[in-house]
Amino acid sequence: MMDAPIIDPLQGVFPEIIEEYLESGIMKCIAFNRRGTLLAAGCVDGTCIIWDFGTRGIAREFKDDDSVASITSVCWSKYGHRILVSAADKSLSLWDVVRGEKITRITLQQTPLQARLYPRSTTPSICLVCPLSSAPMIVDLETGSVTVLPVLPTEGGNGVAPPSKNKFSDGSAPFTPTSACFNKYGDLVYVGNSKGEILIVDYRSVQVRGIVLVPGNAVIKNIVFSRNGQYLLINSTDRTIRIYENLLPVKNALAGLDEATKDLNDLEGVEKLKAVGALCLTLFREFQDSVTRVHWKAPCFSGDGEWVVGGSANKGEHKIYIWDRAGHLVKILEGPKEAIVDLAWHPVNPVVVSVSLSGLVYIWAKDFTENWSAFAPDFKELEENEEYVEREDEFDLNPEIEKVKGSDVNEDEDVDIDGLENDSAFSDSDLSGDEICFLPADPIPDAPEQQDKCVGSSSKLGESNQSGSPLSEEAGQNGPANHESSPFEGEDTGTTGLKRRRKPSEKVLEQQAEKVKKPPQKTKPSG
């Protein structure tokens with residue numbers, strides 16, 4: 001997949017057609033695990049389904065007896081051991097993926113629209129929640145403690161969260177759904193508010209460290225980081241998707257932020273926060289449809305960050321727009337006449353998964369065409385007949401062949417067969433032996449009805465053979481019966497193991513009928 005542009009530079013590595021669709025209940029939200037081998041989907045009835053993306057089969061199904069409300073979001077832990085589910089009944093549930101057991105469940109004061117686990121822990125207990133009608137919050141799933149994050153900077157510039165009110169200080173509408181996300185290593189939280197601002201928040205000290213003003217001052221609906229942590233995507237109500245480049249170091253971003261703010265001690269208040277924000281993010285690209293001016297739904301990056309995808313928010317259409325990072329629109333995917341609910345790009349392969357309003361999950365993949373030159377390098381595809389001129393020595397017995405140049409490979413060098421190279425498809429190529437990529441399949445037992453039928457039929461056959469039939473009487477007088485005429489072996493000895501279930505042939509049945517008609521002959525005593 002990664003070498004496709006080298007093989008054929010005219011073919012882009014992005015999906016083109018609907019390859020398949022998944023159907024199980026009414027699904028509303030989806031999320032891939034880190035390797036893209038498992039797909040989690042939340043349903044309207046409160047069920048969380050884990051699909052094996054390779055076989056397209058259901059690997060696990062989580063059902064909380066305490067909740068039947070619709071699931072609003074699903075999130076995997078780093079190595080796939082846990083999955084966090086938020087529901088419309090204001091609940092957060094943490095599940096153990098392998099054992100299929102619920103670890104904990106807490107209820108919030110507001111309905112969570114989105115919940116994300118701490119990205120650096122293998123078994124995280126801290127999550128970031130974006131409620132429907134309040135500010136984003138940090139929730140500790142073990143203790144149940146809630147820390148509300150600031151959505152507006154204070155005039156004093158200390159960045160402490162303002163007191164909770166029904167309305168903002170300028171008299172605008174109450175809280176609108178606010179989006180937020182962790183950075184790659186979970187050092188900072190980036191919050192997009194209704195004023196068209198990106199707040200860089202240190203959630204441990206609950207302080208705003210920087211502010212980035214978004215052009216247009218529109219409400220920010222979505223905010224998400226790329227997989228490698230170098231780019232930040234935001235979706236605003238002005239129908240524009242913007243990409244910001246992250247200027248802070250990917251690792252130890254908080255320490256880099258402290259280092260960058262040393263020279264800004266002469267500034268105070270909001271001006272200092274804006275100056276810090278300019279050192280953290282810079283506008284890289286803008287994406288919009290200048291003709292139709294559509295709103296965007298669930299935009300995200302591809303796994304390698306080279307592509308940006310967004311779904312149309314218009315009702316009755318299933319359109320997916322794909323841009324390259326340079327800002328060019330490369331593809332528009334048109335699906336069925338159903339609105340898009342959620343969207344996700346596969347972490348490794350050029351595959352996009354979309355959820356329709358009816359609850360179906362569509363899998364978009366690339367339409368690969370046959371290319372024989374990829375299998376045989378010497379093969380040349382001809383568009384029309386060409387005249388071939390043979391070489392002078394082509395059909396000689398001993399043609400003159402150029403000497404093969406010697407390779408520069410050192411044959412005495414030791415080859416490393418134990419080491420494992422980092423996978424370039426992953427920006428954080430730290431492999432873990434404990435990572436869950438596949439779930440073991442549970443064997444499905446036979447239906448009990450079929451087993452009862454088999455046992456009942458065998459007992460009836462056994463009773464018929466032991467009910468004093470002429471065949472059994474003759475067998476007792478003339479010795480053991482022929483194996484061909486007895487479907488079961490070992491009944492006279494009291495054994496229950498059935499060794500043969502072969503049905504007698506028509507010829508054997510005729511012979512048995514003749515023996516029944518003829519009376520058994522008495523044998524004369526010998527000597």
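The figures follow:
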{"item": "Checklist (1) open to solvent by 20 Å² or more (accessible area, probe 1.4 Å); (2) modelled with pLDDT of 90 or more applied to GLY311, failing item", "result": "(1)"}
{"item": "Top-ranked residue of the range 194-203 - restricted to ones that are of a type outside the set (Val, Ile, Thr) and within 30 Å of the chain's Cα centre (by Cα), ranked as surrounded by the fewest Cβ atoms within 10 Å (Cβ to Cβ)", "result": "ASP202"}
{"item": "Which numbered condition TRP345 fails, given (1) of a type in the set (Phe, Trp, Tyr); (2) open to solvent by less than 30 Å² (accessible area, probe 1.4 Å); (3) modelled with pLDDT under 95", "result": "(3)"}
{"item": "Failed criterion for GLY305 (all others in (1) open to solvent by 60 Å² or more (accessible area, probe 1.4 Å); (2) among the small types (Gly, Ala, Ser); (3) touching a Ser or Thr at 6+ places or on another chain (Cβ under 8 Å) hold)", "result": "(1)"}
{"item": "From LEU267, LEU273, LEU248, residue being farther than 24 Å from PHE32 by Cα and assigned to a helix (DSSP H, G or I)", "result": "LEU273"}
{"item": "Any hit, the range 89-108, residues being touching a strand residue (DSSP E or B) at 6+ places or on another chain (Cβ under 8 Å), within 20 Å of ALA298 (Cα to Cα) and among the β-branched types (Val, Ile, Thr)", "result": "no"}
{"item": "Residue pairs meeting the criteria (Cβ under 7 Å; at least 6 apart or on separate chains; first closer than 27 Å to ASN371 by Cβ, in the range 381-393; second open to solvent by less than 100 Å² (accessible area, probe 1.4 Å) and not in a loop (DSSP other than H, G, I, E, B))", "result": "GLU381/SER373"}
{"item": "Any pair with Cβ under 7 angstrom, 6 or more apart, that starts in the range 29-42 at a residue that is touching a residue at least 24 places away in the same chain (Cβ under 8 Å) and ends at one that is basic (Lys, Arg)", "result": "ARG34/LYS78; GLY42/LYS28"}
{"item": "Residues being of a type in the set (A, V, I, L, M, F, W, C) and more than 13 Å from LEU152 (Cβ to Cβ) - total across the range 190-205", "result": "1"}
{"item": "Pair list, Cβ under 6 Å, 6 or more apart: the range 101-121 residue free of Cβ contacts under 8 Å to residues at least 40 places away in the same chain, other residue open to solvent by 60 Å² or more (accessible area, probe 1.4 Å) and in a loop (DSSP other than H, G, I, E, B)", "result": "THR107/LYS90; LEU108/LYS90; GLN110/LEU132; THR111/LYS90; THR111/LEU132"}
{"item": "Test: residue in the range 253-272 that is polar (S, T, N, Q), in contact with a Ser or Thr (Cβ under 9 Å, 6 or more places away or on another chain) and loosely packed, with under 15 Cβ neighbours inside 10 Å", "result": "no"}
{"item": "Verdict on GLY229 being open to solvent by less than 20 Å² (accessible area, probe 1.4 Å), assigned to a loop (DSSP other than H, G, I, E, B) and closer than 21 Å to TRP345 by Cα", "result": "yes"}
{"item": "Criterion violated by SER356 - all others in (1) surrounded by fewer than 19 Cβ atoms within 10 Å (Cβ to Cβ); (2) farther than 19 Å from THR237 by Cβ; (3) among the polar types (S, T, N, Q) satisfied", "result": "(1)"}
{"item": "Selection status of VAL361, surrounded by 13 or more Cβ atoms within 10 Å (Cβ to Cβ), touching a residue at least 40 places away in the same chain (Cβ under 8 Å) and under 20 Å from CYS75 (Cα atoms)", "result": "yes"}
{"item": "The range 1-27 - residue that is in contact with a Cys (Cβ under 7 Å, 6 or more places away or on another chain) and open to solvent by 20 Å² or more (accessible area, probe 1.4 Å) and, of those, modelled with the highest pLDDT", "result": "ILE26"}
{"item": "Residue within the range 159-180 that is outside any loop (DSSP other than H, G, I, E, B) and either at pLDDT 90 or above or in contact with a Cys (Cβ under 6 Å, 6 or more places away or on another chain) (or both) present", "result": "yes"}
{"item": "Answer residue from the range 116-146, given it is open to solvent by 50 Å² or more (accessible area, probe 1.4 Å) and under 18 Å from THR178 (Cα atoms) and is nearest to the chain's Cα centre (by Cα) among those", "result": "ARG116"}
{"item": "Unmet requirement for SER429, which otherwise passes all of (1) surrounded by 10 or more Cβ atoms within 10 Å (Cβ to Cβ); (2) at pLDDT below 80; (3) touching a Leu at 6+ places or on another chain (Cβ under 9 Å)", "result": "(3)"}
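Residues checked against (1) modelled with pLDDT under 80; (2) within 30 Å of GLY54 (Cβ to Cβ); (3) surrounded by 10 or more Cβ atoms within 10 Å (Cβ to Cβ):
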{"site": "LYS366", "(1), (2), (3)": "no, yes, yes"}
{"site": "THR369", "(1), (2), (3)": "yes, yes, no"}
{"site": "PHE379", "(1), (2), (3)": "yes, no, yes"}
{"site": "GLU402", "(1), (2), (3)": "yes, no, no"}
{"site": "LYS405", "(1), (2), (3)": "yes, no, no"}
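The values are calculated or read from the model by the stated rules, or taken from the named source; none is laboratory data. Predicted model, so just to flag it, every value in this text is computed and none were measured. Note: ideal-geometry Cβ built from the backbone for every residue, glycine included; neighbour counts use all protein chains shown. Accessible surface areas use protein heavy atoms only, side chains included; no ligands, DNA or RNA. Shrake-Rupley method; radii C 1.70, N 1.55, O 1.52, S 1.80 Å.
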